[in-house]
1. List, please: which pairs have Cβ atoms under 8 Å, are six or more places apart or on different chains, and start with a residue in region 70-91 that is within 25 Å of L32 (Cα to Cα) and end with one that is among the hydrophobic types (A, V, I, L, M, F, W, C)?
2. Is there any pair with a first residue in region 33-60 that is β-branched (V, I, T) and a second that is in a helix (DSSP H, G or I) and modelled with pLDDT under 95 whose Cβ atoms are under 9 Å apart and which are 6 or more apart or on different chains, and what are they?
3. Report, by residue number, each residue of region 84-95 that is at negative phi and at pLDDT below 80.
4. Would you mind listing the helices (runs of 4 or more DSSP H) fully within region 1-81 where at least 2 residues are touching a helix residue (DSSP H, G or I) at 6+ places or on another chain (Cβ under 8 Å) and either at pLDDT 85 or above or β-branched (V, I, T) (or both)?
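The values are calculated or read from the model by the stated rules, or taken from the named source; none is laboratory data. Just so it is clear, the model here is predicted, and its values are computed rather than measured. Cβ placement follows ideal geometry from the backbone for every residue including glycine, while neighbour counts extend to all protein chains displayed.
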Amino acid sequence: MATNRKTNAGGPPAQAAESAPEEPTAKFEDQLAELEAIVERIDAGELSLEDSIANFERGVALVRSLNRRLDEADRRVEALTRGPDGELLTEPLDDDDENSS
C-alpha cells in the first residue's frame, strides 16, 4: 500500500521529488534555501540510498526551476533596458562602490 508522504519544513523531502517536482508559486529564495538544505543532507552522508536519490531528484528539479526563473528575470531586465528602437541601452557602472576601499 502506498502512503502519501509530504515534505515538512524540518524533515527530509525524501519522497517529495516524485509528488512535487516544481512549485511555481514558491519564492526563489525559498527554493534556493531548500536546495541548499538538500545539498547539506546529501553531503552529510547519513541518508539511505533511496533517500539520497529522492533528494537528488528534488534538487535537480529545483535547479531547473531556479534556472528558468533566472532566465526569465534576465529576459525581463533586458526588455526593460531596451530603447524605443529596440537597441539595448547601456549605462556605465557606478564606480562608487568599487573605489571606496
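1. E78/L88
2. Qualifying pairs under 9 Å: I53/A17; V60/A17.
3. Result: L88, L89, T90, E91, P92, L93, D94, D95.
4. Details: elements: 16-19, 28-44, 49-80.
In region 1-81, 28-44, 49-80 are the helices (runs of 4 or more DSSP H) which contain 2 or more residues that are touching a helix residue (DSSP H, G or I) at 6+ places or on another chain (Cβ under 8 Å) and either at pLDDT 85 or above or β-branched (V, I, T) (or both).
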